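Comments concern the structure below.
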Ligand code: FAQ
């Protein structure tokens, strides 16, 4: 009965065991995972656009090949994550429909523009850097298919982060104009990258339950702190300045002090009013419509194969 199932589930969670697709799970656990994994998948897919913008204009053949490979990795991560979400009983079609109808969330970070080549460096360094900080603990998420997907994804994200760092390092060793371009990109991406970790702990409605279920392992603010700690020495090596004059380490409290994050901006982006929200959705919707013939052809081919096997 339900009470025994719940007790068994609680035991598995307490013992750091994994929940697998055929196991009993509370409905709210299933819903939370569908919410987080589908949002994560949508982020990877929408996240292809800001960098896709530079594939045709990369400064060299080598840079172009690297960027194409990175954007393809993001597509792979999205498909992996949609598959993990499907094990919970939602279809890929349903998730896609929610995204193109503008009903699904995806990470706020992908609603900012990429006007210069240095943005490719800043995205790799800051956005993939934040993604790694957030996702390494998710490798231990209690839901098996999600945790396992994260292992491979994190390996690729670390490579992405290094390539972003290297783009910025090259620019910082270049002409004054190149150094200004790199600093300008860091100025524009720094604050939005801090917002990727979500609202502050005292206004994060999902954190407590997700931590009790061992989906999340650290709070939004703890991960944000860890991320800043990772950036500070790397910024020094690059020779860029993090755009927060108040940023300093508080020895007594063992934490970073920062200026106030602009949460109004964050909520505006979540409501669909960021600089690029409309453009990102429009582009995704068009791509979906223009791909209709591929889906129809594949379905028709499968139908013919099945009919042939029967006949
Ligand atoms: N943007 O109660 P919490 C990548 C929403 S990395 C938009 O704290 P939770 C790699 C949240 O969904 C980016 N919405 O929620 C890449 C919730 O709304 P809901 C993707 C946000 O779930 C790099 C509400 O606010 N990574 O793609 C954001 O416990 C470069 C209240 O928040 C992931 O998705 C935000 N920044 O914690 C690709 C990681 N923050 O659903 C291309 C997995 C919060 O109740 C290029 N996800 N919200 O309506 C997570 O770890 C968690 O879901 C958090 C939020 C930490 C994002």
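Values quoted throughout were computed directly from the atomic coordinates according to the rules given, and no laboratory measurement underlies them. Just so it is clear, the structure is predicted and the values come from calculations on it, not from any experiment. For neighbour counting, all protein chains shown are included, and Cβ atoms are generated from backbone atoms with ideal geometry for every residue, glycine included.
Could you state the principal axis extents of the C-alpha atoms in segment 84-123, from the largest down, to the nearest angstrom?
In descending order, the Cα extents are 41, 21, 13 Å.
Sorted by packing (mean other beta-carbon atoms within 10 Å per residue), highest first, where do 188-198, 284-294 land?
188-198, 284-294
Along the Cα→Cβ direction, 7 angstrom out, place labels at residue 1 and residue 297. What is the inter-label distance in nm?
Using points 7 Å along Cα→Cβ, the separation is 5.7 nm.
For the chain, what is the calculated [θ] at 222 nm in deg cm²/dmol (nearest 500), taking -39500 (n - 2.57) for each run of four or more DSSP H residues and dividing by its residue count?
Result for the chain, helices only: -21000 deg cm²/dmol.
Hey, quick one: spin label on residue 158, modelled 7 Å out along Cα-Cβ, who in segment 117-133 has an amide N within reach, i.e. under 19 Å?
124-133
So how many Å³ per residue does the convex hull of the Cα atoms of the chain work out to?
Values: hull volume 51.1 nm³, N = 311.
Spread over its residues, the Cα hull of the chain gives 164 Å³ apiece.
Any number yet on Rg/Rh for segment 176-276, C-alpha, Kirkwood?
Expressed as Rg/Rh, it is 1.01.
Quick one: what Rg and Dmax do you get for segment 235-311 from the alpha carbons, in Å?
Rg then Dmax for segment 235-311, in Å: 25.7, 78.
Would you give the gap between the C-alpha center of segment 273-311 and the C-alpha center of segment 208-252, rounded to a whole Å?
Comparing the Cα centres of segment 273-311 and segment 208-252, I get a distance of 40 Å.
Using only the alpha carbons of segment 1-80, what is the convex hull's orientation-averaged projected area in square nanometres?
7.0 nm²
Classify segment 249-290 from the C-alpha gyration tensor, please: rounded if a/c falls under 1.5, else prolate or oblate depending on whether a/b exceeds b/c.
Verdict is prolate for segment 249-290.
Report the rotationally averaged projected area of segment 117-234 based on its alpha-carbon convex hull, in square nanometres.
Numbers: hull surface 29.6 nm².
Spelled out: convex hull of the Cα atoms, projected over all directions, averaged, 7.4 nm².
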